[in-house]
Structure formats: structure tokens, C-alpha cells
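The values are calculated or read from the model by the stated rules, or taken from the named source; none is laboratory data. No experiment lies behind these values; they were computed from the predicted model shown. Cβ sites come from the backbone with ideal geometry, for glycine too, and all protein chains shown count toward neighbours.
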Amino acid sequence: MNREDASDILAFLAVARERSFTRAAAKLGMTQSALSQIIRNLEERLGVRLLNRTTRSVTPTQAGERLFLSVGPKFTEMDADLAALSELREKPAGIVRLTATEYAAAEILLPALGKILPQYPDIHVEVIIDYGLTNIVAQQVDAGIRPGELVAKDMIAVRVSPDLRMAVVGSPSYFSEHKRPKTPQDLTHHNCLNLRLPTHGGTLYAWEFEKNGRELNVRVEGQLVLNSAGLLLQGALNGLGLAYLTEGNVQPHISGGKLVRVLSDWCPPFSGYHLYYPSRRQPSPAFSLLVDALRYRRK
């Protein structure tokens, strides 16, 4: 592979990963028109179209998806090998890319980063908010943070939080007009705030319950669908309906009387958040430092 091909493929991988010429160009530090020309030249040399372009989206073609999945991980491994050379530096350095849910990023990841980034100015971290189980190898992400029960067995998993619980909450104003549900089935009579998962084909998230060994997944209905936990919380605070969120996310508002919790006996603890990454990955000093800062230590 010559230098021009390698550079152009890196540009293609950026567009395929971001699904946007605008965002990819910004990350690559070039103009959108220059990036478009690079992709056109690459397609001409290969003799195949790599990207489907519309006014609203950019998606890989079958050939583009094949190139992305086959070549992308190889460049990721090369980046890891180059990052490992930072062991020769006096201090760890490099870029670490992580995917996490909004709550995990705010409550677990950012506090840990606050402890190490000021000490290591050559470490740079990119956080991608995502509610699905991202294929971190294909997407060229170093690691993800998800509940331990969702992590694939072929991944290395490091616990980064205690056990968690979910909570169904609504505002006092909402419950002044609606009877409080006593069982998950009662939710069919309520206006529930739905979370759409773009990484799962756009499906709506099912609310999960368990009591005395009995498990229930409830597809709730309501007037409002959102794709952010932060917006779900705000919607519940505004009295727009019931929300299903991580306990830690809503507890301050419950204590302050702004939210009322229901169905708590149907929401048992579950495995806490874990950092996961491929077992074959050779951790760079910067990544190892971050893992150690995130590692949950029981008090």
C-alpha cells in the first residue's frame, strides 16, 4: 500500500465512522470539499463506490462496509502499537476513545478523568455517548462502559461502579392527576417517556422488571419519545410522564421532592457498570492509567 492509499483510506474510515463529511472533515482538520475529493479519488482508483450520499446522510455501500470492517481494525491495531511507544516517554501520552451511556459518562468517567488529565497533559480522551453495545473493534473505539451483564464474554471487563438499580419516577404534578402504578402492568394506563436506541435499529427501550424471580419486559407507550437520558429526566421533572432511569440519576430529585418513585419493589439491583475492551488489545500506558483510575474499589 502506498502512502496516498493509506492516507485516503484513513479519510474514508473517518467518514464511515462519523456518517458525516462535515464531522469527519472537522476531525481530520480539512475542508469538506477537500475530503469529498479524496473519497472520489479513492473510489475511482478502486473502481467501486464506497459511500452512499444523500442530502441528509452518508452510509457505506456494501463494498464500503466490507472495507470498513476489514481494514478499520488493522489501523486500530497500528494506532495501539504506535501508542505503546509512549512507554519510552517520560509521561504517558496518546488518544483514548471511549463509548459510554450519558449517565456513566457523567457520573463515572468524568470524575475519573478529572483526577488524571490535569496530571498528564499529553493524554487526550474522546467520549462518545451511545446507548447500544458498540462494536468497539469495528468502530475503532478503545473501550466501552456498559452494565456488566451486557458485556460479551470474549471481552476483558473491569468493574467501574457498584451494583445499580433502575427507578420509575414521575413528578408530584403528574401523580396529582394519575393513580400511582402498583405493578408493571399498570403502566399501560400511564403516559410513559420512551427512549429510542439508534444503535439498535431505532427500537424503543423496553422497561425491565423483576420480583420474586418473575421477570417482565414492558413495552410502554406515551406521547413523547427521546434519545437522551438527560431529556428523559427533564421530561419527568416537567410533569410530561413517567421515566425509567438509573437510580443515581434521579435520587437527588427524589430526595428534594421534585420526583416521586414508584414500583421500587420491582427494581432489584443488577450488575454495575464495567469497562470492556478486546482481550487481544495491547493496552497503551495512557489506556492502562485510565483503567486504573476507573477501577471500582469497594470501600
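Below is a table of values for the structure above.
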{"item": "Hey, Ile145 under 25 Å from Lys27 (Cβ atoms), under 14 Å from the mean Cα position of the chain (by Cα) and surrounded by 16 or more Cβ atoms within 10 Å (Cβ to Cβ) or not", "result": "yes"}
{"item": "Wholly enclosed helices (runs of 4 or more DSSP H) of the stretch 1-59 bearing at least 2 residues loosely packed, with under 13 Cβ neighbours inside 10 Å and out of contact with any helix residue (DSSP H, G or I) (no Cβ under 7 Å at 6 or more places or on another chain)", "result": "3-18, 32-46"}
{"item": "Odd one out for Tyr131, checked against (1) at pLDDT 90 or above; (2) in a loop (DSSP other than H, G, I, E, B); (3) not assigned by TED's automatic domain parsing to the domain that holds Lys258", "result": "(1)"}
{"item": "Residues (surrounded by fewer than 21 Cβ atoms within 10 Å (Cβ to Cβ) and in contact (Cβ under 8 Å) with a residue 24 or more places away in the chain) located in the stretch 252-261", "result": "His253, Ile254, Gly257, Lys258, Val260, Arg261"}
{"item": "Failed item in (1) acidic (Asp, Glu); (2) at pLDDT below 95; (3) more than 22 Å from Glu102 (Cβ to Cβ), with Glu208 passing the rest", "result": "(3)"}
{"item": "Hey, Ala286 within 20 Å of the chain's Cα centre (by Cα) and outside the structural domain of Gln223 (by TED's automatic domain parsing) or not", "result": "no"}
{"item": "Residue check, Leu233 within 22 Å of Lys179 (Cα to Cα), not in a strand (DSSP E or B) and not β-branched (Val, Ile, Thr)", "result": "yes"}
{"item": "Any hit, the stretch 140-158, residues being farther than 30 Å from Arg66 by Cα, modelled with pLDDT of 80 or more and basic (Lys, Arg)", "result": "no"}
{"item": "Checklist (1) in contact with a helix residue (DSSP H, G or I) (Cβ under 9 Å, 6 or more places away or on another chain); (2) surrounded by fewer than 21 Cβ atoms within 10 Å (Cβ to Cβ); (3) within 28 Å of Glu18 (Cα to Cα) applied to Leu233, failing item", "result": "(2)"}
{"item": "Selection status of Gly239, in contact (Cβ under 8 Å) with a residue 40 or more places away in the chain, more than 16 Å from His190 (Cα to Cα) and surrounded by fewer than 18 Cβ atoms within 10 Å (Cβ to Cβ)", "result": "no"}
{"item": "Residues that are loosely packed, with under 14 Cβ neighbours inside 10 Å and under 23 Å from Gly248 (Cα atoms), drawn from the stretch 266-293", "result": "Pro268, Pro269, Asp292"}
{"item": "Matching option when the condition is exposed (fewer than 14 other Cβ atoms within 10 Å of the Cβ), of a type outside the set (Lys, Arg) and not in a loop (DSSP other than H, G, I, E, B), among Glu208, Glu215, Glu177", "result": "Glu215"}
{"item": "Filtered residues of the stretch 257-299 (kept if assigned to a strand (DSSP E or B) and aliphatic (A, V, I, L, M))", "result": "Val260, Val262, Leu275"}
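Here's the yes/no breakdown for (1) in contact (Cβ under 8 Å) with a residue 24 or more places away in the chain; (2) touching a helix residue (DSSP H, G or I) at 6+ places or on another chain (Cβ under 6 Å):
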site: Asp154; (1), (2): yes, no
site: Ser173; (1), (2): yes, no
site: Lys179; (1), (2): no, no
site: Leu193; (1), (2): yes, yes
site: Glu208; (1), (2): yes, no
site: Arg214; (1), (2): no, no
site: Arg219; (1), (2): no, no
